[in-house]
Every structure is written in C-alpha cells, then in structure tokens.
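One structure below.
Throughout, read-outs are computed from the coordinates displayed, never taken from laboratory work. Remember, predicted model here, so these are calculated numbers, not experimental data. Here the Cβ is made from the backbone with ideal geometry for all residues, glycine too, and neighbour counts use every protein chain on show.
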Amino acid sequence: MSAIRPLSDELITRIAAGEVVERPAHVVKELLENALDAGASHIEIRIQRGGIERISVSDNGSGMAKEDLRLAVSRHATSKLDEAQALAQGVFAVQTLGFRGEALAAIGSVAKMQLISRLHGKAAPGAHGIAVTGGKLVPVRAAAGAPGTQVVVEDLFFATPARLKFLKSERAETLAIADVVRRVALAHPGLSLMLLEDGKKRLHLPPHANLAARLGAVLGRRFLDNSVAVELNAETGADEGAQKNAPRLRLVGYAGLPTFHHANTYWQYFFVNARPVRDRLFYGALRAAYHDYLVAGRHAAVMLSLSLPPQEVDVNVHPTKAEVRFRSAARVRSLVIGGLRQALHAAGHRATDRNAHRALAAMRPGHAPPAAMQFAEGAPASVQELCEAQPRFGAAHSDADFEQPGRASLAAPTPDSKAQSVARDLPLGLARAQLHDTYIVAQTADGLVIVDQHAAHERLVYEQMKAALARKAVARQMLLVPEVVELAGGEADLLLERAEELAALGLVIEPFSGDAVLVRETPAMLGEMDVAACLRDVAAELASSGQGLALKENLDSWCGTLACHSSIRAGKRLSGEQMDALLRQMERTPHAGQCNHGRPTYVEMKLADIERLFGRR
Ligand code: ADP
Ligand code: MG
C-alpha cells in the first residue's frame with residue numbers, strides 16, 4: 001500500500017459532489033432552493049435534453065454583490081448559517097432551505113457553470129458574472145443581467161463521465177425535473193413558476209391566492225374534487241407544558257378520499273417547513289391513518305404540509321436534505337395520523353349515508369310544489385281547475401311520450417305484484433323507469449332505488465378492468481371497420497409511444513399518417529363506444545396530467561375516460577333489459593356502491609321513509 005496523502009481540494013469537492021448532484025433534477029432542486037432563499041417571487045427554469053445539455057434557472061431574488069460571487073461558488077461558504085449559534089446548539093435550526101454551502105461548488109466541479117447576478121436598486125452596480133468549469137474558476141467580470149440571479153449549467157457531468165452512464169433516458173430526467181418543480185410549486189402557492197423544456201412551455205404557474213388553487217393547477221381538479229382539507233394545530237411535547245408559549249405544530253393539506261387510490265406513491269407530497277421531504281415518518285403515519293379505509297396494496301393521494309419551530313427538526317441528516325429528524329417524532333406522528341383520521345372521518349359521512357338524508361330532506365313538504373301543480377298566480381286553485389289539469393298531467397304517461405327525449409322511459413311492463421315478488425331477492429330491485437336519460441328508478445322489496453347510471457357504469461368498468469388486469473386478460477373486440485382518428489399536433493405520437501400499454505388495457509392502435517392513428521380493437525367490456533372521442537380524451541389526458549405515469553397506475557381515471565364514451569354514459573336512453581342488466585351487474589360487483597370518486601352510485605329510500613314524507617307515519 002502506498003503512503004497516506006491528503007486529497008486535493010478539487011478531488012474532495014468532486015467526491016462530495018457525487019452526494020449532492022446525482023442527476024439533473026438535483027441541480028434544479030438546489031438552484032430552486034437558492035432562488036427561494038434569496039426571496040424570489042418569480043423563477044424561470046429552462047432545460048434542454050433532460051437537463052443534461054443545459055439547465056438555466058433565473059430568479060428575481062435579492063441577487064449578490066460582485067465581491068460575493070467568488071465565495072458563492074466556493075465550498076462550504078454560505079450566507080445562511082450563524083456559525084456561533086450552530087456550534088452552540090448542535091442542531092442547525094435553519095429557516096432557509098440551504099445552509100451547507102456546497103451546492104454551487106459541487107455543480108461547478110462536475111459541469112460548466114455560469115452565474116450572473118445583480119443587486120436591486122437604482123444605486124446598485126450592474127450585473128457581474130463568474131464561471132466555473134470542472135472546478136476551474138474564471139474570474140468575476142461585468143455582465144448583462146436584470147436584478148436577481150441567473151445560473152446556467154451546461155454539459156453536466158462532463159468532468160465525471162462515469163456519472164453520465166448512470167443517467168436514465170432524457171425523458172426520465174425531464175420527468176424527475178418536473179417533479180422537483182411541482183413539489184416546489186406546492187410548497188409555495190404564491191410563487192410564480194415557469195418550466196420550459198427545449199423552448200416549449202411545460203408548466204406555467206401564476207401566483208395563486210391559496211393552497212387549494214395551487215393544488216388544482218398543479219395536480220388537477222380531480223385531486224381537489226376527491227380530497228378533503230386537513231387542518232390541525234397542536235403544541236409540541238407535553239413535557240414542555242410548563243412553558244407558556246409552547247411552540248406550535250401546524251398541519252395543513254389535503255387528504256384523498258379512500259376511493260381515490262393509486263398503485264404507487266406518485267400522488268403523495270409531504271413538506272416540512274415548506275421543504276419537500278420523503279420521510280419515513282409520513283409514510284408510516286399515512287399507512288396507519290388509511291389502514292381501515294384503503295384496499296391493500298393501493299396508495300392514497302395526499303398533500304401534507306407541516307410547520308414547526310426550526311429547532312424542533314434537524315434537516316442535516318442527508319446531503320440532499322430529503323429526510324429530516326424530529327425532536328418529538330411520536331408527537332408529530334400522532335398529529336399527522338390524527339389530522340388525516342379527522343378529515344377522513346368527516347369525508348366518510350359525505351360519501352355515504354348523508355346523501356340519502358339530504359335527498360329526503362329536499363323532498364319534504366314545504367319546498368316549492370312541482371311545476372305541474374302551480375297555477376296561474378292570483379287565481380286560487382279550484383277543484384274544477386285541478387280536474388282539468390289532471391288529464392293533461394296524465395297524458396304524459398302515454399307510451400308515445402316516453403319515446404321523446406327528456407321524458408321518462410319505462411322498463412318492460414312488469415305487473416306490480418310480480419315485480420314485488422321478484423324484487424325480494426334483488427337488493428337493487430327491478431328497473432321500473434329511466435328519468436332524464438340518466439337515472440334508473442328501481443323498485444325493491446321494501447322501497448325504491450335511484451341509480452346514477454353513469455357513475456355506476458364507470459365503477460363497473462373500473463372493477464372489471466381491475467379484475468381482468470389481475471388475470472392479465474383484458475378481452476378485446478375487433479372493430480368491423482378499423483377507425484381512423486384525427487388528432488391534434490403531437491397527440492398521435494404521444495399515444496403511439498404508449499401503444500403497448502394501451503393494448504394491454506384493451507385498446508389497439510397503429511400509426512396511420514401524420515396526426516392520425518388507426519384503431520383496430522377496443523375493450524370488449526365496453527360494447528359499442530365513441531372511439532374517436534375516447535382516444536382524443538386519452539391523448540389530452542396523457543399530454544396534461546399523466547406525464548410518464550403508467551396508465552395502469554392511473555386506472556380509475558383511465559376507466560373513467562373509457563366509460564365516458566361507452567354506451568351507458570349519462571344522457572343515454574336505456575332499454576328495460578339494459579337497465580336490469582346494469583343493476584344485476586352492480587349487485588355482483590364488489591364496491592359498486594360508490595363511484596371512482598367516492599360518490600354514491602345509488603341512493604335507496606325505504607317505503608317507511610316515503611310514508612313519512614307523506615305524513616302517513
Ligand atoms: P447554500 O445554499 O447551502 O448556502 P450554495 O452553494 O447553494 O450553498 O450557495 C452559496 C451561497 O451563494 C448562498 O449562501 C447564497 O448566499 C449565495 N447564492 C446562491 N444562489 C443564489 C441566488 N439565486 N440568489 C442570491 N444568492 C445566492
Ligand atoms: Mg443552496
């Protein structure tokens with residue numbers, strides 16, 4: 001063995017760099033954190049070739065003075081840590097995202113980095129720049145630039161080529177960057193953010209007034225529609241109860257309804273003091289809170305943001321600061337579980353029995369009488385008028401009328417007595433009518449059931465698809481004539497890229513020409529469907545929200561899209577047999593009682609309730 005020699009500074013920096021920047025997304029994360037620490041309200045990120053070729057982050061934050069540039073890019077130099085305090089307390093009670101003073105030095109040691117910065121104010125001198133290429137410094141010089149800071153990183157890992165081999169595809173790196181930006185966006189609703197990929201806008205977020213608005217913009221309306229707000233405050237540690245102003249813990253966010261579940265943890269976002277984290281404590285708490293509600297192997301969608309005094313949490317556990325340690329971990333854990341449980345408990349009512357009560361309440365006497373019973377104003381309704389109104393009202397029941405859209409349609413005329421005896425064995429009863437081409441009214445042994453045909457069908461498709469996927473056998477049916485579907489620019493490519501996945505889910509497509517694709521087969525369980533409309537929706541969804549997300553992992557949304565274009569959507573006239581078939585299928589299918597969004601697919605009213613409505617009880 002050779003003699004022991006100290007490593008050069010350059011090598012030390014490069015070794016350390018391996019921990020901080022493993023991939024382009026880490027560079028973006030560090031640069032975003034610096035911009036946030038500098039108080040920026042607007043940040044623009046531009047990337048090329050998944051950030052491997054070029055990353056540029058510009059902010060309108062404080063900027064740096066000319067004489068600080070050199071220090072900014074040197075190792076272990078930071079403006080964010082009070083050394084005396086840090087040494088005295090042992091824990092880094094930091095209010096900023098950065099504090100280790102190594103990101104810029106690390107990036108500069110493995111890439112070609114340029115930093116241009118300018119202070120605010122009329123009196124401030126112009127912009128200055130500094131460059132670091134593979135650890136070699138190019139001295140400070142005057143440059144052009146607006147107040148704030150721009151950092152450009154080119155040829156990432158050119159100085160450590162071995163690293164390049166570990167990178168995933170450009171697409172995967174882009175997705176990882178988008179994920180970092182999304183997390184920052186969620187942590188700072190008021191921040192204006194723009195992400196451009198190869199010159200094209202990928203994400204453009206104006207400042208939002210509140211968390212809900214930002215969540216809707218970043219994760220989509222579906223997340224908001226399918227989640228409940230979480231808000232809980234607590235004191236830290238009971239042992240400090242004597243202290244008058246015990247520091248406060250605060251948990252805010254949104255918890256997805258148990259029915260809005262996913263195959264992976266993609267939809268889980270956690271923040272501690274506005275710092276995105278992936279901490280075990282949260283995953284554990286989540287499992288505990290959803291234990292009673294969630295199907296095994298599925299994951300809830302949540303966004304939780306915890307604030308607590310900085311001295312209560314140690315963020316210096318991990319070079320990328322993704323993990324944290326809490327001083328009173330048990331308390332934090334129980335706060336998170338408590339907050340989620342409380343929210344879910346409230347949601348449980350919303351999704352189930354309260355609906356029936358609401359429906360009943362709406363029907364109670366005292367509400368405006370039905371239109372057919374309202375008479376010309378002023379004139380008191382005489383018996384005579386009522387009698388005259390009767391035949392007109394009754395005429396609506398002729399069969400001819402039922403053929404017109406917008407009227408009720410009747411199921412196969414089963415004599416009432418027979419219906420009652422048959423219905424005895426059928427929990428959802430026998431279909432008696434369809435109202436507004438959307439609701440099926442069925443007679444049960446002791447009451448009536450109103451089914452939302454669209455919601456019910458969506459759920460059936462979902463459950464069947466899940467079962468078929470588990471058997472690895474989604475039955476497909478060949479279209480008699482393959483259908484050519486014209487799509488908007490780029491959508492065809494997007495779909496064809498996922499052709500294999502689509503085929504596994506029952507939809508077989510082939511390239512046609514330019515912006516068109518050819519559809520050959522569709523999922524058999526859907527029967528006849530509007531192929532073109534469906535495909536356009538799928539393409540749009542892939543383009544906007546589901547980036548990189550496997551379709552199977554977004555199954556409920558996928559099934560929702562499919563069901564939307566099949567023959568049983570809302571506003572579609574059904575025959576008596578079709579209605580009964582739907583009811584029987586619902587009875588056979590597990591979890592058919594709530595739709596994919598946690599709303600009920602049917603409401604039931606007992607005769608006793610109806611009798612109560614009429615004051616018979
Ligand atoms: P850290 O953020 O941990 O302090 P960095 O290497 O990321 O370490 O940055 C070093 C220093 O450079 C920071 O402490 C800060 O003073 C300065 N700096 C970096 N980026 C910016 C920026 N975008 N705006 C203003 N100052 C910055
Ligand atoms: Mg930093």
Straight distance only, please: which aspartates and glutamates reach the Cα of LYS136 with their own Cα at less than 14 Å, same-chain residues fewer than 8 apart left out?
-> ASP9, GLU10
Please work out how much length the chain gains when fully extended from GLU501 to GLN311, using 0.36 nm per residue of separation minus the C-alpha to C-alpha distance, in nm with one decimal.
-> 63.6 nm
Distance (nanometres) between label positions extended 7 Å along Cα→Cβ at ALA540 and GLN342 | 3.9
Which length gain, in nm to one decimal place, applies between ALA86 and LYS472 when the Cα-Cα distance is subtracted from 0.36 nm times their residue separation?
-> 133.3 nm
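Between ALA229 and ALA288, what FRET efficiency follows from the Cβ-Cβ distance if R0 is 22 Å, with the result rounded to 0.05?
Working: r = 20 Å, r/R0 = 0.90.
After rounding, the FRET efficiency stands at 0.65.
Sort 229-235, 31-37 by the packing proxy (mean of other Cβ within 10 Å over each peptide's residues), most packed first. Intermediate values should be presented prior to the final figure.
Details: 229-235: 15.7, 31-37: 23.6.
Result, highest mean first: 31-37, 229-235.
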All lysines inside 18 Å of LYS29 as judged from Cα atoms, apart from same-chain residues fewer than 8 positions distant = LYS80, LYS112, LYS168, LYS321
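Among LEU526, LEU104, which comes first, second and so on when ranked by fewest other beta-carbon atoms within 10 Å?
Details: LEU526 22, LEU104 27.
Least to most surrounded, the residues fall as LEU526, LEU104.
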Within straight-line cross-link reach of LYS122, lysines at Cα separation under 25 Å, skipping those fewer than 8 residues along the same chain = LYS66
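For the pair ALA322 and THR438, what calculated FRET efficiency results from E = 1/(1 + (r/R0)^6), where r is the Cβ-Cβ distance and R0 = 41 Å, to the nearest 0.05? Intermediate results must be reported in sequence, preceding the final value.
On the way: r = 48 Å, r/R0 = 1.16.
In this case the efficiency is close to 0.30.
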Measuring from label point to label point, each 7 Å out along Cα→Cβ, what is the ARG171 to GLU510 span in nm?
-> 2.2
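Tell me the net charge near ALA124. Cut-off is 12 Å between Cβ atoms, ALA124 excluded, with +1 for each Lys or Arg and -1 for each Asp or Glu. Display every interim value, and only then the final one.
Values: positive: LYS66, ARG118, LYS122; negative: none.
For residues surrounding ALA124, the net value is +3.
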